[in-house]
Amino acid sequence: DVDIPMLQTLARLALHLLRAAANASLLLHAHRLLFHLAHPTSPALAAAAEAAVLASAVRAPVAHLFVDAGGVALHTLEAGEAEGVPIVLVHGHSMSAAFFHRNIDDLVAAGRRVYALDLPGWGRSERVPFKRGGGIEEAMAYSLLPFVAWVEKLNLSSFDILAHSLGGYLALEYLHLFPEKVRSLTLIAPACITPTFSLPRTLYFLAPPQSALRALGLLGYLLFRSKYPTSPCYTAHHLRAWALHASRAPGPAGDFAARPFLALPGPRALWRAGA
């Protein structure tokens, strides 16, 4: 027999859940709208924020290029004499070419031709969709294929690479494919060299403060302010303000494509860490 009172109870519960979901969605949309009104962003404002970072430390003339890398527009900083030995700077997760602002002048003074690019989905480069459910191979191709095309477009036949964090993993993969092109490779705190990260770091990169900015509006901004680094090297050089704009560019960001690299430690590793 049909239990009518039970069905009525379930129907009321479902109605309450639908109302709660609708209210939560409306609240999120309101937070995003208020955040945009309080802290507007645009490509022009993002470019100005990046310019403030570069002006804080770079005195050498810097050209801004948008290189067509296999159909993906990669924003690139170029500095130094044309005849200088080329060096390519590859940034890490949640960063951009502008994070090398304190290195550009020294490299130019050493006679280097500097190329620093924003990887796909980061900085001022094009936001390219990442296939839902893609694995590590797709995640590597997301950045590696445009990087290969970028090198060819700039006619770089032989160059040094200085790479940080996740950019180090990308640079290693490129070296394996094109050893004849890479004069030297310098890795700074390279990521993904070991199969797993610690649990706190994995959780941080799976949902970095920048992603909260896109999803949660004002609530995300409060999380960004509390979690994004506040050390002088970030505040004095306007990096927080730049990250605030760079993380809100329309379209999917690079952190989506980086997630397949981030393996959570297994129960045994967690047990050992807590022991």
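The values are calculated or read from the model by the stated rules, or taken from the named source; none is laboratory data. Computed from a predicted structure; not experimentally measured. Neighbour counts run over all protein chains shown; Cβ positions are idealised from the backbone, glycine included. These area figures cover heavy atoms from the full protein model, side chains too; ligands, DNA and RNA do not enter into them. Shrake-Rupley method; radii C 1.70, N 1.55, O 1.52, S 1.80 Å.
How many residues, within the stretch 153-175, are closer than 25 Å to Lys131 by Cα and without any contact (Cβ under 8 Å) to a residue 24 or more places away in the chain?
1
Among what's in the stretch 35-67 and is open to solvent by 90 Å² or more (accessible area, probe 1.4 Å) and either acidic (Asp, Glu) or in a helix (DSSP H, G or I) (or both), pick the residue that is modelled with the lowest pLDDT.
The selected residue is Leu37.
Name the single residue, out of those in the stretch 247-257 being assigned to a helix (DSSP H, G or I) and touching a helix residue (DSSP H, G or I) at 6+ places or on another chain (Cβ under 6 Å), that is surrounded by the most Cβ atoms within 10 Å (Cβ to Cβ).
If we take residues in the stretch 247-257 being assigned to a helix (DSSP H, G or I) and touching a helix residue (DSSP H, G or I) at 6+ places or on another chain (Cβ under 6 Å), then Ala257 is surrounded by the most Cβ atoms within 10 Å (Cβ to Cβ).
Report yes if His75 is under 30 Å from Ser157 (Cα atoms), open to solvent by less than 40 Å² (accessible area, probe 1.4 Å) and touching a helix residue (DSSP H, G or I) at 6+ places or on another chain (Cβ under 6 Å), otherwise no.
no
Among the listed residues Leu177, Leu172, Leu206, identify the single one that is under 26 Å from Glu126 (Cβ atoms) and under 14 Å from the mean Cα position of the chain (by Cα).
Just one listed residue meets the conditions, Leu206.
Taking helices (runs of 4 or more DSSP H) that do not extend beyond the stretch 105-222, which have at least 1 residues that are of a type in the set (Phe, Trp, Tyr) and modelled with pLDDT under 95?
Qualifying helices (runs of 4 or more DSSP H): 136-153, 166-177, 199-206.
Residue by residue, here is whether (1) at pLDDT below 80; (2) of a type in the set (Gly, Ala, Ser); (3) in contact with a strand residue (DSSP E or B) (Cβ under 8 Å, 6 or more places away or on another chain); (4) outside any loop (DSSP other than H, G, I, E, B) holds:
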residue	(1), (2), (3), (4)
Tyr234	no, no, no, yes
His237	no, no, no, no
Leu244	no, no, no, yes
Ala263	yes, yes, no, no
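Anything in the stretch 197-227 that is surrounded by fewer than 19 Cβ atoms within 10 Å (Cβ to Cβ) and aromatic (Phe, Trp, Tyr)? List them, or say none.
Across the stretch 197-227, the qualifying residue is only Tyr204.
Would you confirm whether any residue within the stretch 121-133 is farther than 19 Å from Ala241 by Cα, touching a Pro at 6+ places or on another chain (Cβ under 8 Å) and either open to solvent by 60 Å² or more (accessible area, probe 1.4 Å) or free of Cβ contacts under 8 Å to residues at least 60 places away in the same chain (or both)?
yes
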